[in-house]
Amino acid sequence: MPFRGTFHPAASRAADWLPRPSRAAALSRVAPGWKQCSRGAFPPAPGARQQQLQLQDFINERAQSQGGTLTSLQRAMEPGSIDNLSILYQSSDFIVVNKHWDVRIDSKMWYEKLTLQSQLKYRFPELADPDTYYGFRFCHQLDFSTSGALCVALNKAAAGSAYKCFKERMVTKAYLALVRGHVSESRMTIRYAIGKNTTEGMTHMMCIEGTEGCENPKPCQSELSVLEHGSYSGDPVTKVLLQPLTGRTHQLRVHCSAAGHPIVGDFTYSFKKDSNPYRMMLHAYYLRIPTRKELIEVNAPDPFLTSLDSNWVPHHIVHRLDETIQELKDKTIRAEEEERNQEALLSSGGEEMGSKAKTLEREEERAKCEQWLAEWALA
């Protein structure tokens, strides 16, 4: 079966920086190389048309040479579709999906028909809330080119409980990534303050403090654990587990780039240089949201395996993924237990103080009553 892709991933990554064409401009003409759709056209990324044709020809030839069947890499490279939605967790209040790397969460652009919210509406039309703009309440965000676990609240109360967890920093998230070069330290903490880039032509990007045009930088911290050293298409890369301890826009992408190890396929933070990989190699692997009503805890399957992408070849294991995640879980559970103990201590202390206050109040009332009776008897 030939590859069904219609648009090259370079165009997806270029969406981070390309200006959006107006509908009127798109409908006014269809220039060579523009993407035609039912309601008009819009331009692909520079060079994406040629790359698209080359990629599609290559995959079609490979599929035909293998009897018309797609390899795991070819399946991984396929763009998202309306009915290709993977569910990791579902309850009456929440759904956690494994977001595709080629799908936006939502969009107000008329030409972007395929989004996560349209996939959800297609799969669960009865769960869409007409009181919301998109029909579903997304508890957090993932960048367009990032895949992995994304939590969706199915009602207002559930959204409120999840929001409280995020606000009080009770949520634990961990991402898998392939980064350029071999990271020398097995574990490292990255602490670059991140702000908005106001430089002309780069306003879609974030930047670290000290960069020219960096506006309102805020403290940020990310933890990095090396899992494996290896190569991608022959170039040295490292597979890492990243944990953002703060929640700044593009935080992990900016921190990795600033540390000298940009994420493989990150077109934006490689300054438009890293366009060969079919996707940006960043994946939301682990998500834990301890709401009062239920514990949401999921793993989104690791996409960075040689069996799925033969371009990635691991050479040396530094830390095992399952053991590293278990360490993270244990650390999180200990922190939650300590917080509960402190709350219980404060609560019991408050009750004790309240009880003492009530006892004193009763004693004062008794004394006043006895004094009044004595005065009445004397009268």
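The values are calculated or read from the model by the stated rules, or taken from the named source; none is laboratory data. As the structure is a prediction and not an experimental result, all values here were calculated from the model. With ideal geometry, Cβ positions are generated from the backbone for all residues, glycine too; neighbour counts draw on all protein chains shown. Heavy atoms of the whole protein, side chains included, go into the accessibility calculation; ligands, DNA and RNA do not. Shrake-Rupley method; radii C 1.70, N 1.55, O 1.52, S 1.80 Å.
Scanning region 263-278 for residues that are part of a loop (DSSP other than H, G, I, E, B), among the hydrophobic types (A, V, I, L, M, F, W, C) and on the phi < 0 side of the Ramachandran plot turns up Val264, Phe267. Checked against the criteria, Leu305 counts as open to solvent by 30 Å² or more (accessible area, probe 1.4 Å) and more than 15 Å from Val226 (Cα to Cα).
Considering only region 276-294, I want to know if a residue exists there that is surrounded by fewer than 19 Cβ atoms within 10 Å (Cβ to Cβ) and over 25 Å from Val96 (Cα atoms). Checking region 276-294: at least one residue is surrounded by fewer than 19 Cβ atoms within 10 Å (Cβ to Cβ) and over 25 Å from Val96 (Cα atoms). Taking the numbered list (1) at pLDDT 95 or above; (2) in contact with a helix residue (DSSP H, G or I) (Cβ under 8 Å, 6 or more places away or on another chain) in turn, Lys293 passes all entries but (1). Restricting attention to region 327-350, the residues being within 25 Å of the chain's Cα centre (by Cα) and open to solvent by 90 Å² or more (accessible area, probe 1.4 Å) number 3.
Yes or no, residue by residue, for (1) modelled with pLDDT of 95 or more; (2) more than 25 Å from Thr172 (Cα to Cα):
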{"residue": "Ile263", "(1), (2)": "yes, no"}
{"residue": "Ser275", "(1), (2)": "no, yes"}
{"residue": "Glu297", "(1), (2)": "yes, no"}
{"residue": "Leu321", "(1), (2)": "yes, no"}
{"residue": "Gln342", "(1), (2)": "no, no"}
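Restricted to region 205-262, the set of strands (runs of 3 or more DSSP E) holding at least 1 residues that are in contact with a Leu (Cβ under 9 Å, 6 or more places away or on another chain) and either of a type in the set (D, E, K, R) or surrounded by fewer than 22 Cβ atoms within 10 Å (Cβ to Cβ) (or both) comprises 222-232, 235-244. Figure legend. Inter-residue proximity from region 319-337: first residues on the phi < 0 side of the Ramachandran plot, second residues of a type in the set (S, T, N, Q) and at pLDDT 95 or above, beta-carbon distance below 6 Å, spacing 6+ or different chains. Indicated pairs: His319/Ser225; Thr324/Ser225; Thr332/Thr172. Among residues that are of a type outside the set (Ser, Thr, Tyr), over 23 Å from His283 (Cβ atoms) and part of a helix (DSSP H, G or I), Lys113 is not included. Residues that are open to solvent by 30 Å² or more (accessible area, probe 1.4 Å), under 25 Å from Lys331 (Cα atoms) and either in contact (Cβ under 8 Å) with a residue 40 or more places away in the chain or out of contact with any strand residue (DSSP E or B) (no Cβ under 7 Å at 6 or more places or on another chain) (or both): does region 140-151 have at least one? Yes, region 140-151 contains at least one residue that is open to solvent by 30 Å² or more (accessible area, probe 1.4 Å), under 25 Å from Lys331 (Cα atoms) and either in contact (Cβ under 8 Å) with a residue 40 or more places away in the chain or out of contact with any strand residue (DSSP E or B) (no Cβ under 7 Å at 6 or more places or on another chain) (or both).
All of (1) within 30 Å of Gly265 (Cβ to Cβ); (2) open to solvent by 40 Å² or more (accessible area, probe 1.4 Å); (3) part of a loop (DSSP other than H, G, I, E, B) hold for Tyr122 with one exception: (3).
The conditions of being of a type in the set (Gly, Ala, Ser), in a loop (DSSP other than H, G, I, E, B), open to solvent by 10 Å² or more (accessible area, probe 1.4 Å) and touching a strand residue (DSSP E or B) at 6+ places or on another chain (Cβ under 9 Å) are not met by Gly201. Residue pairs whose Cβ atoms lie under 8 Å apart, separated by 6 or more positions or on different chains, with the first residue in region 112-125 and in contact (Cβ under 8 Å) with a residue 12 or more places away in the chain and the second part of a helix (DSSP H, G or I) and open to solvent by 40 Å² or more (accessible area, probe 1.4 Å), are Leu120/Leu127.
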